[in-house]
Each structure stands twice: as structure tokens, then as C-alpha cells.
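What follows draws every value from the coordinates through simple rules; no lab data is involved. The structure presented is a predicted model; accordingly, all values stated were derived computationally and were not measured. Please note: Cβ atoms are built from the backbone with ideal geometry, for glycine as well, and neighbour counts cover all protein chains shown.
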Amino acid sequence: MRQPPRSVVILGGGTAGWMTANLLNRRWREHGTKISLIESSAIGIIGVGEGSTPQLKAFFDTLGIDEAEWMPRCNATYKAGIEFAGWSDRPGYDRYFHPFPTDVDGFTQGQFFYSTRARRTGRDVPAHPDPFFVQTRIARDGRAPLAPANFPFLVSYGYHFDAHLIGAFLRDFGTKRGIQHVDTRIASVELTENGDVKALLAEDGRRFEADLFVDASGFRATIIEGALKEPHRPFGENLFNDRACVTPTPWPAEGIQACTRSTAKSAGWIWHIPLTNRIGNGYVYSSRYIDKDAAAAELREHLGLGEEAEVRHLEMKCGRIERSWVRNCVAVGLAQGFLEPLEATALHIVINTVESFLAAWDEDKRDEFNANIARRYEGIRDYLVCHYRTARRSDTEYWRAATSNDALSDSLKGVIGAWFAGADLEQEVVRQDIGKYYLPMSWHCMLAGYGNYPGQDQLKPPGPDIVKFDMADIDRFVGGCAMNFPVLSEALGRLEEAE
Ligand SMILES: Cc1cc2nc3c(=O)[nH]c(=O)nc-3n(C[C@H](O)[C@H](O)[C@H](O)COP(=O)(O)OP(=O)(O)OC[C@H]3O[C@@H](n4cnc5c(N)ncnc54)[C@H](O)[C@@H]3O)c2cc1C
């Protein structure tokens, strides 16, 4: 096994920088590696990014941090999945839920897959995803996805949290364990004669040398793109959104559910992320189809806010750098790449990048690491593109362009082709080896959730060759499982008490 570096300098103290610092410190601290993180409080962090996948739970588990320790300090709530609303004008398909997986899905998923195929091939059977999944019911019933001790199945879940507070929490955690924290602005990057990074030079004259550098400098990508000139590959050809505007709202009187809500709008979609003290909202849109003032007006109207409500505007640089690990520098977070936040995958990629980097470091497998990270970006990108390509809206220029966009990867063409041909989609996902990015369940939920089926007038009653599932039975099973789960407000209250 290769020796860890003697010193690491991380540029950037956003969520990506602090996550990386803590993961590297945990693995290399006992080998004597000195880890420093440099950030500029004058520049600040992007301060959005408040939804996660289940990978974040694995991250906290790896660091040995209990939910009661971090969640109340970050105003965090639980997330069982994402609800998509307004993405389809098909009757009965105006919303669907994309649940995080559970082991219990094994009892109903086969019935759902079978039903989608029957409906795709013209049989009138119920094939909307929502009734089949326990996490969907957990969120809708106002429960938390926390499996009780007597529930012997694995239930994956993610979180919602305040982006500033999670960074501060991880900073405190890391500095107590020896990570050096420096607040200064880096003015330039010094390279060695062979092109490696030698040092970061600060505006105040300080110089920071290291064996390994991590570029977590956000969209600036100061080291990887700025100094090392690694090319950036934009995703604009098939993901149109390049701007966002955000504003918080107070907690709703009716309380919250354990899910992110994504509502399609005229030129993009609005997120709705419940924290314990507020709701985070943001309109992700394409500047080709709407300008910033109109987007802000649409966001305010959607939230029932007046013109005086302040809205913050952000630009998004969507795409990825060609290689994440170049010479003695590895890039993470926004410096490495960004896929629009529809499935909240950015921190998932950060964690995956650092874990894969540590494994690749040990075995000196840089090329394999870079190829895997590139494939991960593209795998997730295809799933996002599929949302837009197979949504059922055509009421604006934006949606007409999105739903007729033919800049699709061969892999995505294969998935969409299999769905509409009435073929076995699970087999197709396995054949293409893309289930590691999104499970067959996720692909089925999306394609079915938008109502991508023959019109009602083309459907025939199912004959004897089709198995008809008793939806009341499925409902009893799913509802019975969900009843074991705690009420969300009570689960959050218990965390506050335990803190
Ligand atoms: C609209 C939007 C919504 C998002 N939603 C989600 C979501 O729901 N889920 C999710 O996982 N992700 C989401 N993301 C992505 C998420 O915000 C980021 O992945 C995450 O915040 C990490 O950002 P970062 O640490 O890479 O960059 P930043 O937060 O921008 O941090 C960059 C750091 O670099 C420092 N820096 C830069 N230049 C210098 C310099 N010259 N000298 C010193 N310091 C410097 C800055 O001070 C800062 O500390 C979203 C992003 C956007 C734009």
C-alpha cells in the first residue's frame, strides 16, 4: 500500500472542503498526515445545497457522529425521497414520489414493475408508482423514515439541513481533531517545473506548501482549472438550467413532511426543502427561456410572497472537469463539477469522490479513478436528462424544447427505447450496468410517474394472461409497514431533547 502524503492543503471551506478534510483526516491522521484547510471568509460559501441522498447518513456514520449530535445544530430534518409535482399533464399523474429504497420494496416492487409493463403494452391496470412504496407512505403520513428496532428491514434515508450550519459543524468537528484552519484569500498558485502544484500564495504574503492539494474552491476551480488548466465539459446541451433564485419562507401551519418537493414551473422547477426552523425554496431555471426578474416574480407568486420578499440570485456552472485528479491535486464539490440539483446529488458525489480517491491512492489507480468519476457524473446526468425528456408538459417554449431534446446518450436512448417498446426495463438497466447510479426502481418510478403510457382510449381491460394485483392488499401492506414508523415532529422533538 502506498504511503499517505505527509501534508495536504485543501482550498475551500464550503461543505465540500470540510467533508473532504474530515474524511482524509479520519483515514490519514494516524499516519501523521498534516491537514490544513484554507478558506476566505471574505469570499464566503455558496450557501445553498440543503438536500441529500442516503450517502450523507453513511458519511456521518463513518465519522462516528450521532444524529442527535449534528441534526439539531444544523436545523436538519429527515428525507424519505422527493415528490415531483406539475411535471405531467396526464390525468392522474400530476405528482409522483421518488422514494429512497428500502428492503421492504422487495415485497411490492415486482408487482409494480410487472404492472408498468402490462400498462405499457396496452393493458388497463393500475401502474402509478405511489401505492407500491413504503417510503412514499411514510412521507405522506407525516412520519419519519426511522425504522424501529422491531422492523427488521433496512430503510435508506437522507436529510435536509442548513448549508451554513453543516459547514460550521464540520469545521468544529475537524479542528478539534487536528485540522488546521486558515482564513485568508489565495491570490495565486505556484507550480513546479514539471507542472505539479508547489504552493498556494495568499494575498497576505503567506505561502502554503503541501504534497497533496484539494481544490474545493467552488465554481472558481482556482487550482484545477485556473492553474492546472484542466478542461471543463459543460452539460448545457442536454441540461438547460443555468440559474437559480432562492428565498426562505416560514414553517407552514400544517407542518412538514419528510420529503423535498420539486414543482415544475414555466422554465424550470422550484424546490421546497423543510428544515426545523424554515422552508428553503429555490427556482432552478434556464436563462434562455426566462429572465431573472420574471423568474423571481414566478417564485414569489408560487410561494404567495409579495414583491418586497428578498430573492437571492445564483449562476450555476453545469458540467464537469475532464479529470478530477490531476498531478498532485484532486478536485471536489463545485470545483469538480455540478449537475443541477434536481436529485440533490452534489454532496453524494463529494463523498463518493473522496472515498474512491482514498482507495485509488492506496493502489495508485489514478486513471481508473478519473474514469469512474466521469462515468458517475454521466450516469447521474442521464437520469436528470430523462426527467426533462419524458416529462409530459408542452405548455411553454422551455418544456417543448426539453421534451423534444434529442441530445441523449446511447445509454439513455436504450432505457427510453426499452420503456416505450414494452421491454423489460430492469434487464435493460442491468445490461447497461447503470443500476449503480440509479436503481431500476428509480427509473420505473420516473417513467411511470409522468404517465408515460398509452392514452386511456388505447388501453384494453386485462385478459386472463395478465396477473391482476389486489391494490387493497398492497395498500394494507404498505400502510401497515408505515404505521411502525414514528411521527416526524415527534422524532425531531426527541433529537432536540437528546442534544
Ligand atoms: C442552486 C443550487 C442548489 C443546490 N442544491 C443542492 C442540494 O440540494 N443538494 C446537494 O447535495 N447539493 C446542492 N447544491 C450543490 C451544493 O451547494 C454544493 O455542492 C455544496 O455547497 C458544496 O459547495 P463547495 O464547497 O464545492 O463550494 P462553496 O460553498 O462555493 O465553497 C467554496 C470555498 O472556497 C473558498 N475560496 C474560493 N476561492 C478562494 C480563494 N481564492 N482563497 C481562499 N478561499 C477561496 C470560499 O471561501 C469557500 O469557502 C446546489 C447548488 C446550487 C447552485
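Measuring from centroid to centroid over Cα atoms, what is the spacing of the stretch 84-108 and the stretch 357-431 in Å?
Centre-to-centre distance over Cα atoms comes out at 19 Å.
Skipping prolines and chain starts, which residues have an amide H placed within reach, meaning under 5 Å, of the one on residue 243, given they are 5 or more residues away or on another chain?
285, 287, 316
Ranked from highest to lowest mean number of other Cβ atoms within 10 Å per residue, what is the order of the peptides 369-375, 417-423?
Per-residue mean Cβ counts within 10 Å order the peptides as 369-375, 417-423.
Skipping prolines and chain starts, which residues have an amide H placed within reach, meaning under 5 Å, of the one on residue 78, given they are 5 or more residues away or on another chain?
Answer set, sorted by chain and number: 160.
In what sequence do 471, 71, 441 fall when counting other Cβ within 10 Å, fewest first? Intermediate results must be reported in sequence, preceding the final value.
On the way: 471 14, 71 26, 441 23.
Fewest-to-most ranking of 471, 71, 441: 471, 441, 71.
Residues with beta-carbon under 15 Å from that of residue 232, excluding residue 232: net charge, scoring Lys, Arg +1 and Asp, Glu -1?
Working: positive: 220, 229, 233, 317, 320, 323, 381; negative: 215, 225, 230, 237, 242, 315, 322, 378.
Within the 15 Å Cβ shell, the charges total -1.
A 28 angstrom limit on the alpha carbon distance is what I want to check against. Which of 57/468; 176/365; 292/317; 79/265 exceed it?
57/468; 176/365
Within the set of other residues whose C-beta is less than 15 Å from the C-beta of residue 483, count the net charge using Lys and Arg as +1 and Asp and Glu as -1. Show your work: numbers first, answer last.
Working: positive: 137, 140, 143, 476; negative: 141, 475, 490.
Net charge around residue 483: +1.
Checking the a/c ratio against 1.5 first, then a/b against b/c, what shape does the Cα gyration tensor give for the stretch 262-419?
On the way: a/c = 2.51, a/b = 1.51, b/c = 1.66.
It is oblate, given that a/c is not under 1.5 and a/b is not larger than b/c.
With charges set only on the Cβ (+1 for Lys and Arg, -1 for Asp and Glu), what does the dipole of the chain come to about its Cα centre, in debye to the nearest 20? Could you put the intermediate results ahead of the total?
Numbers: 56 positive and 67 negative charges, 102 e Å.
In total the dipole reaches around 480 debye.
In terms of the Cα gyration tensor, with a ≥ b ≥ c the square roots of its eigenvalues, is the chain rounded because a/c is under 1.5, prolate because a/b exceeds b/c, or oblate?
Because a/c hits 1.5 or more and a/b exceeds b/c, the chain counts as prolate.
Karplus couplings for the stretch 331-342 from phi (6.51 cos²θ - 1.76 cosθ + 1.60, θ = phi - 60°), rounded to Hz, Gly and Pro as x?
9, 9, x, 5, 5, 8, x, 8, 10, 3, x, 4
If the only charges are +1 at each Lys and Arg Cβ and -1 at each Asp and Glu Cβ, what is the size of the charge dipole of the stretch 364-499 around the Cα centre, to the nearest 20 debye?
Details: 16 positive and 22 negative charges, 80 e Å.
That gives a dipole near 380 debye.
Give me the dipole magnitude in Debye, nearest 20, for the stretch 273-395 about the Cα centre, with unit charges on the beta carbon: positive for Lys and Arg, negative for Asp and Glu.
Details: 17 positive and 20 negative charges, 50 e Å.
So the dipole magnitude of the stretch 273-395 works out to roughly 240 debye.
What is the order of 222, 77, 15, fewest Cβ neighbours within 10 Å to most? Don't skip to the answer; put the middle values down first.
Values: 222 21, 77 24, 15 29.
Starting with the residue having the fewest Cβ neighbours, the order is 222, 77, 15.
For the stretch 235-248, in order, what is each residue's ³J(HN,Hα) by Karplus, 6.51 cos²θ - 1.76 cosθ + 1.60 with θ = phi - 60°, in whole Hz (x at glycine and Pro)?
9, x, 4, 10, 10, 7, 6, 9, 9, 8, 10, 10, 7, x
Using alpha carbon centroids, what distance separates the stretch 263-292 and the stretch 149-214, in Å?
Cα centres, the stretch 263-292 to the stretch 149-214: 28 Å.
Taking a ≥ b ≥ c as the square roots of the Cα gyration tensor eigenvalues, with a/c under 1.5 meaning rounded and otherwise prolate when a/b beats b/c, else oblate, which class fits the stretch 371-499?
On the way: a/c = 1.76, a/b = 1.22, b/c = 1.44.
Oblate is the answer for the stretch 371-499, as a/c is 1.5 or above yet b/c matches or exceeds a/b.
What are the ³J(HN,Hα) couplings of the stretch 454-467, residue after residue, when phi is run through the Karplus curve with 6.51, -1.76, 1.60 and θ = phi - 60°? Round to Hz, x for glycine and proline.
So the Karplus estimates, Gly and Pro as x, are x, x, 3, 5, 9, 8, 10, x, x, x, x, 6, 10, 7 Hz.
Net charge near residue 454: determine it from the other residues with C-beta under 12 Å of the C-beta of residue 454, scoring Lys and Arg +1 and Asp and Glu -1. Numbers along the way, then the final one.
Working: positive: 90, 119, 120, 123, 460; negative: 124, 457.
My count for the surroundings of residue 454 gives +3.
Would you mind ranking 161, 107 so that the residue whose beta carbon has the fewest other beta carbons within 10 Å leads the list?
Details: 161 28, 107 16.
Going from least to most buried by this count: 107, 161.
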